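A.B. asks: First the structure, then my questions, so here it is.
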Amino acid sequence: MDFELKTLTRARVCTEKCDALVVLVPLDVAEGDDTLTVLVEAATQSGDFERKPGKLLQAYRTTGIAATRVILVGVGEGSAKNVRTAVIAAMGALKGGNAQRVVLCLSLLKDAGAAQMQAAVVACGDAAYSYSATKSKVQPAKLQRAVVAVASAAEAKAGFEKAVGLVKGIALAKEWGNRPANHATPVMLAGAARELAKLPRIKAEILGPKEVAKLGMGSFMAVARGSEEPLRFIVLRYDGGLKAEAPVVLVGKGITFDTGGISIKPASEMDEMKFDMCGAASVLGAFRALGELQPKLNVIGLIPSCENMPDGKAIKPGDVVTSMSGQTIEILNTDAEGRLVLCDALTYAERFKPRAVVDIATLTGACVVALGAVRSGLFSSDDALAQSLLKAGENSLDLCWRMPLDDDYADGLKSNFADVANVAGRAGGAVTAAKFLQRFSSKFPWAHLDIAGTAWKGGAAKGSTGRPVALLVEYLLAHAGHAAQVAQSPVSALLVKEKKGDAAVKKAPAKSAFKASPKTRVKAVRP
Ligand code: BES
Ligand code: MN
Ligand code: ZN
C-alpha cells in the first residue's frame, strides 16, 4: 500500500475525491460550518453515531462531500490506542468492498502527535497486508493507496515517515512468518537477508555448516543435525552511526520448523510451528525499517536458523554437547531447541562489544500461558535496558511485560552430566528458559523477549502479527539520537579525536562481523 501525507483542513477534505473518506471523530470536535462538521454534529445528535472508540457510521454519496463513501469513526478522547481501534474498525468495514483509494482524515483530532499518526498508519498497513506467496490465484489487493489528511503536514511529516518505514518492516516480518516451512527454509531466510543488503548501509554475511563448525557452535549444530535442510547463521549489519560506536545486537530465533525433534510434539496444531522463526522475521523486519529510515546508529542482526527434526542423526534426550562458550549442555528435551541455537548466537554477539543485546524468540509455551497474546515476556538483567524496552513497547502499542530472573529459578537447570541442562521441569517454564540464556549473556547488557504468545494468531485469523517489529524499531530510534552522545563519552571522544588526527584509531576499531579474529576466521557462503 502506498501512503501519502496531505494538509487537508476539514473544509478542504470534503472536496477531496476518493473511494472512501475515513473520518476519525474525537469526543471533542471544534465548532465549524463546513459540511463535514455539520454531518458529524447531526449524526451525533440524532443518536445514530457515537464517538466511542471504533463506533462507525457509514454514508454513501453524501451531498457536499466528494468521496464516494464516508465512514465516521469514533476515537473517544483521541489516544493512540483508540486511533488504532478506530482505524481497524474502519478498514474492516471497507474489506471486501471496491475502495482502492482511501483518505484517512486525522484533521479533527486536536493534539494528534506522532503516536496517533503511527497508530493510524500502522493499523492501515496491517489491514492492507495480504498473504499470497503460495496461492495459485493471486487477487490483487484492492486497497492500494491511503492519503493521510492532517491539519498541518509539515508538523506531521517526521511521524508519518517513521510510520511508513515501520509498516514496511512489519509487512516483511509478517510475510516471512507466514510462509510455510518448505517456502521459508534457512537458505531462503538467508536469501531474504541478502535482499535487505541491497538497501543503503545494510550488509549481510551468511555462514553455513562448515563456518559454524569452525566457530565451535556445538549447541546450534546439535539442533540442526536431524534435518536435511542445511543450517544458516545470518549476520546483518546496519552501519548508520560512527565507526567506533558500539552497536545494538538483535538476535532472532530462526527455527523454520519445530517438530520438537525426538521429544516430538503432538500432531494437533503442529503446523503452527512454521511460525517458530518469527523472532528471526522480526529482526529482518527491523532491518527493513532501518534501511528505510536511515537513523544514526549501528545495529547488528544475528539469526541462527535451522529446522528441528527427528531423524537417525538427530540429537537424543540425554546427549551432551559443547556450546561455543565452552559450557557443556545436557539436552534433556530436544523440544527446548530455541535456547540451544540462541546461546551460541549470544556468544557470537560478544565480538561486537555491544551496547546492548536483545534476543527475540518464540521460546516457550509457558509464556503463552503466563501472558497470553497481549504482552510479550521481557526478561533482563539490566534495569535501564528493561525500562527502555518497556517504554518502547508502550509508545509503539507493541506491549511487553517484565518477568523475574531470580537465581533460584535456575536451580532446576542443574545437571549431573554437564555444566547445565536445557530444561528445568514444567513450573515457571518461561523464566527457566530465560535463566538458561542468561548464562550466555554475562558480557553485555542483555534482554530477552519471549514472543511465543504475540508473534502469531491461531484459529480463523491464523497468521503472523509482525510483532515485535514496532517495539524494536521504537527502541532503536529512541537511541539513535543518543548515538551522538555516546561518541562524546571520554573513550569514544578520544577515538574520534584521534581519528581526526589520523593514526591511533586504526588500532581500536569496533570489531566487524567481516573482520573475525584469525582463530575464528570464516568464509561466507551463498544462501
Ligand atoms: N517453539 C516452542 C515454543 C512454543 C510452543 C511457542 C507453543 C508457541 C507455542 C519451543 O521450542 C518449545 O517447544 N518449547 C517447549 C519447552 C519445553 C520442552 C521445556 C515448550 O514450551 O513446551
Ligand atoms: Mn521446541
Ligand atoms: Zn521452538
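Every read-out reported here was derived from the displayed coordinates using simple, explicitly stated rules and does not represent laboratory data. No experiment lies behind these values; they were computed from the predicted model shown. Glycine also receives a Cβ, built like all others from the backbone with ideal geometry; neighbour counts cover every protein chain displayed.
A.B. asks: Per residue and in cubic angstrom, what volume does the convex hull of the Cα atoms of segment 232-304 have?
C.D. replies: On the way: hull volume 6.4 nm³, N = 73.
Enclosed volume per residue, from the Cα hull, is 88 Å³.
A.B. asks: Could you compute Rg(Cα) / (2.2 N^0.38 Å) for segment 392-461, with N its residue count?
C.D. replies: Details: Rg = 14.9 Å, N = 70, 2.2 N^0.38 = 11.1 Å.
So segment 392-461 has a normalised radius of gyration of 1.35.
A.B. asks: A follow-up question, please. Taking 0.36 nm per residue of separation and subtracting the Cα-Cα distance, what length does fully extending Ser442 through Gln58 add?
C.D. replies: 132.6 nm
A.B. asks: Here's another thing I want to ask about it. Run the Debye formula on the Cα coordinates of the chain, all scatterers equal and no solvent, and tell me log10 I(q)/I(0) at q = 0.09, 0.10, 0.11, 0.13 1/Å.
C.D. replies: -0.67, -0.80, -0.94, -1.20
A.B. asks: Still on this model: Can you list the HN-Hα couplings for segment 189-198, worked out from phi with the Karplus curve (6.51, -1.76, 1.60; θ = phi - 60°), rounded to whole Hz and with x for Gly and Pro?
C.D. replies: With coefficients 6.51, -1.76 and 1.60, one gets 4, 5, x, 5, 5, 4, 4, 4, 5, 7 Hz.
A.B. asks: Karplus couplings for segment 117-132 from phi (6.51 cos²θ - 1.76 cosθ + 1.60, θ = phi - 60°), rounded to Hz, Gly and Pro as x?
C.D. replies: Per-residue couplings from phi come out as 4, 4, 4, 5, 5, 5, 5, 5, x, 4, 5, 7, 5, 9, 7, 9 Hz.
A.B. asks: Kindly flag which residue pairs out of Lys274/Lys316; Lys174/Lys198; Lys81/Lys462; Lys135/Lys203 have an alpha-carbon separation exceeding 26 Å in this structure.
C.D. replies: Cα-Cα > 26 Å for Lys135/Lys203; rest within.
A.B. asks: Still on this model: Express as a percent, rounded to the nearest 5, the fraction of DSSP beta bridges in the chain (both residues included) that run antiparallel.
C.D. replies: 40 percent
A.B. asks: Scaled to the compact-protein estimate 2.2 N^0.38 Å, what is the alpha-carbon radius of gyration of segment 180-480, rounded to two decimal places? If you can, show how the numbers build up before the last one.
C.D. replies: Values: Rg = 17.4 Å, N = 301, 2.2 N^0.38 = 19.2 Å.
Computed over Cα atoms of segment 180-480, the ratio equals 0.91.
A.B. asks: Give me, ordered by chain and number, the residues 5 or more places off Ser227 or on other chains with an amide H under 5 Å from its own placed amide H.
C.D. replies: Distant-sequence amide H within range of Ser227: Met309.
A.B. asks: At q = 0.12, 0.14, 0.19 Å⁻¹, what log₁₀ I(q)/I(0) does segment 259-404 have when each alpha carbon counts as one equal point scatterer in the Debye sum?
C.D. replies: With no solvent term, the Cα-only Debye profile gives -0.61, -0.83, -1.43.
A.B. asks: Right, here's the next one. Once amide H atoms are placed 1.01 Å from N in the peptide plane, what residues at a sequence separation of 5 or more from Leu363, or on another chain, have their amide H within under 5 Å of its amide H?
C.D. replies: Correct list: Ile451, Ala452.
A.B. asks: Give the residue list of trypsin sites (Lys or Arg not before Pro) in segment 132-164 that are DSSP loop and have at most 14 other beta-carbon atoms within 10 angstrom.
C.D. replies: Passing both the DSSP loop test and the Cβ count: Lys135, Lys137.
A.B. asks: Contour minus end-to-end for Ile264 and Ala158, with contour as 0.36 nm per residue of separation and end-to-end as the Cα-Cα distance?
C.D. replies: Values: separation 106, 0.36 × 106 = 38.16 nm, distance 4.88 nm.
Between Ile264 and Ala158, full extension yields an extra 33.3 nm.
A.B. asks: Nearest 500 deg cm²/dmol is fine: what mean residue ellipticity at 222 nm does the chain get from its DSSP H runs of n ≥ 4 alone, each adding -39,500 (n - 2.57), divided by its residue count?
C.D. replies: Calculated mean residue ellipticity at 222 nm is -11000 deg cm²/dmol.
A.B. asks: Specify, per residue and in Å³, the volume enclosed by the convex hull of the alpha carbon atoms belonging to segment 19-117.
C.D. replies: So the per-residue hull volume is 91 Å³.
A.B. asks: How big, on average over all directions, is the shadow cast by the Cα convex hull of segment 211-338, in nm²?
C.D. replies: Averaged projected hull area, Cα only: 9.0 nm².
A.B. asks: Now for a separate question. Once phi is turned into ³J(HN,Hα) by the Karplus curve 6.51 cos²θ - 1.76 cosθ + 1.60 with θ = phi - 60°, what whole-Hz value does each residue of segment 289-294 show in order, with x for glycine and proline?
C.D. replies: With coefficients 6.51, -1.76 and 1.60, one gets 5, 4, x, 7, 8, 6 Hz.
A.B. asks: Report, as a whole number in µm² per second, the diffusion coefficient that Stokes-Einstein gives for segment 335-431 at 4 °C and 1.567 mPa s using the Kirkwood radius over alpha carbon pairs.
C.D. replies: Approximately 87 µm²/s, per Stokes-Einstein.
A.B. asks: In the chain, if the dipole is taken from +1 on Lys/Arg beta carbons and -1 on Asp/Glu beta carbons about the Cα centre, which of Ala149, Leu477, Thr364 is farthest to the positive end?
C.D. replies: Leu477
A.B. asks: Follow-up question, since we're still on this one. Whole angstrom only: what separates the Cα centroid of segment 176-208 from the Cα centroid of segment 1-56?
C.D. replies: Rounded to whole Å, the Cα centres lie 42 Å apart.
A.B. asks: For the chain, build the charge dipole from Cβ charges (+1 Lys, Arg; -1 Asp, Glu) around the Cα centre, then report which of Ala314, Pro404, Leu104 sits farthest towards its positive end.
C.D. replies: Ala314
A.B. asks: About its Cα centre, what dipole magnitude does the chain give when the only charges are +1 on Lys and Arg Cβ and -1 on Asp and Glu Cβ, stated in debye to the nearest 20?
C.D. replies: That gives a dipole near 1740 debye.
A.B. asks: Shifting gears a bit: Viscosity 1.306 mPa s, temperature 10 °C: Stokes-Einstein D of segment 112-264 from its Kirkwood Cα radius, in µm² per second?
C.D. replies: 85 µm²/s
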